[in-house]
Ligand code: NAD
């Protein structure tokens, strides 16, 4: 069996086109959706995520601003900044890029964000709304995964879904979304015994653990839908050989950047066993940003209702 690749970039561009249209309609009414992205400290990965979010805002017609703060910023200072953003009529979405520098109390910052501007969907009010299937903001990566399943007409109803990982930003909300779509959901984590056996029962397998190629062929039921959320780095030729069969494009990637991206799923083994598979990169990643754009536009629509 050779898995059909699920093209996240394609689905993201379709979603972005819809968002740009909604954004134009708002601008015609005098409202430009605005996103404030707060970046504290000097984490290079965070910097590049925030930059690409701002770039996508500009491309789709949203206003965005990046607020950079030193790593020494205190929790109280950041809470005060969030309060000013909560009060601004031109900012509809507030994103505080995680992880925050260690001394800052991340939960206190999330609680400080107005739930109606919480476009990441991390505020306890939005987590509660999601659990109870009420309207709110759904975290972007899980929402992106559901959009991908919808685009390829891969229904969850009546299927066995296994989610590897129970984090507040991916595993937990995704398990709720699948449950709301009438899947029978199993959530696995670092204390689950015999992870492979649990994973093998899945018609829809989601890997969101942050472990390079941990999901090998023995985790996958033949024909299953496999969604790889993980983003990890591979830096050596030996790893490229083991995971990508020495793919020259991957080796060139390492030559150029010092690494190549890989998910939690072994790409070659999964491609031979799964029915459907997301690539890394180009699978779930682009959908996360597309959903952030959609949530920010939705926040603006709700604000001027
Ligand atoms: P996290 O570290 O917060 O959570 C990891 C989860 O995996 C935990 O619940 C833990 O119990 C579980 N886990 C860890 N090791 C395990 C093991 N050996 N066996 C079973 N379970 C194990 O991570 P996260 O923020 O949920 O992110 C997970 C992965 O998804 C990371 O690689 C991250 O980079 C990636 N990610 C990608 C996107 C995207 O846009 N594609 C967005 C968010 C996160």
In the range 288-301, is there at least one residue being under 22 Å from residue 154 (Cα atoms), in contact with a strand residue (DSSP E or B) (Cβ under 7 Å, 6 or more places away or on another chain) and buried (at least 21 other Cβ atoms within 10 Å of the Cβ)? no
For the range 214-247, name all the residues that are surrounded by fewer than 16 Cβ atoms within 10 Å (Cβ to Cβ), within 16 Å of the ligand (Cβ to nearest atom) and part of a loop (DSSP other than H, G, I, E, B). 216, 235
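Out of curiosity, is residue 168 within 15 Å of the ligand (Cβ to nearest atom), within 14 Å of the chain's Cα centre (by Cα), in a helix (DSSP H, G or I) and under 23 Å from residue 293 (Cβ atoms)?
Numbers: within 15 Å of the ligand (Cβ to nearest atom): yes; within 14 Å of the chain's Cα centre (by Cα): yes; in a helix (DSSP H, G or I): no; under 23 Å from residue 293 (Cβ atoms): yes.
For residue 168, the condition - within 15 Å of the ligand (Cβ to nearest atom), within 14 Å of the chain's Cα centre (by Cα), in a helix (DSSP H, G or I) and under 23 Å from residue 293 (Cβ atoms) - is not met.
Any residue at all in the range 277-294 that is within 16 Å of the ligand (Cβ to nearest atom) and more than 15 Å from the chain's Cα centre (by Cα)?
So the first thing to find is which residues in the range 277-294 are within 16 Å of the ligand (Cβ to nearest atom), and the list is 277-294.
Those left that are additionally more than 15 Å from the chain's Cα centre (by Cα): 277.
Yes, because at least one residue in the range 277-294 is within 16 Å of the ligand (Cβ to nearest atom) and more than 15 Å from the chain's Cα centre (by Cα).
Just need a number here: residues in the range 56-67 that are surrounded by fewer than 13 Cβ atoms within 10 Å (Cβ to Cβ) and in contact with a helix residue (DSSP H, G or I) (Cβ under 9 Å, 6 or more places away or on another chain).
Matching residues across the range 56-67 total 1.
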Which one of these is at positive phi, without any contact (Cβ under 8 Å) to a residue 60 or more places away in the chain and outside the structural domain of residue 65 (by TED's automatic domain parsing): 230, 223, 258? 258
Condition (residue is touching a residue at least 60 places away in the same chain (Cβ under 8 Å) and touching a strand residue (DSSP E or B) at 6+ places or on another chain (Cβ under 6 Å)) applied to the range 156-170: is it met by at least one residue? yes
Residue list for the range 173-199, restricted to those being within 24 Å of residue 140 (Cα to Cα) and free of Cβ contacts under 8 Å to residues at least 24 places away in the same chain: 175, 179, 190
Conditions: (1) assigned to a helix (DSSP H, G or I); (2) under 18 Å from residue 228 (Cβ atoms); (3) more than 9 Å from the ligand (Cβ to nearest atom). Residue 163 meets all but one. Number of the miss? (1)
Output the number of the condition that residue 105 fails; it satisfies all remaining conditions of (1) surrounded by fewer than 23 Cβ atoms within 10 Å (Cβ to Cβ); (2) closer than 22 Å to residue 46 by Cα; (3) touching a residue at least 60 places away in the same chain (Cβ under 8 Å). (3)
Out of all the residues in the range 1-51, which are part of a loop (DSSP other than H, G, I, E, B), out of contact with any helix residue (DSSP H, G or I) (no Cβ under 8 Å at 6 or more places or on another chain) and within 30 Å of residue 74 (Cα to Cα)? 41, 42, 43
What's the number of the condition residue 99 fails, among (1) part of a loop (DSSP other than H, G, I, E, B); (2) within 14 Å of the ligand (Cβ to nearest atom); (3) buried (at least 24 other Cβ atoms within 10 Å of the Cβ)? (3)
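Output the number of residues of the range 260-277 satisfying the condition of being part of a helix (DSSP H, G or I) and surrounded by fewer than 23 Cβ atoms within 10 Å (Cβ to Cβ). Quick ask: steps written out before the conclusion?
Let us first name the residues in the range 260-277 that are part of a helix (DSSP H, G or I), namely 267-273.
Pick out the ones that are also surrounded by fewer than 23 Cβ atoms within 10 Å (Cβ to Cβ) and you get 267-269, 271-273.
Count: 6.
The values are calculated or read from the model by the stated rules, or taken from the named source; none is laboratory data. Please read all numbers here as calculations on a predicted model, not as lab measurements. FYI the Cβ positions are ideal-geometry reconstructions off the backbone, even for glycines, and counts take in every protein chain you see.
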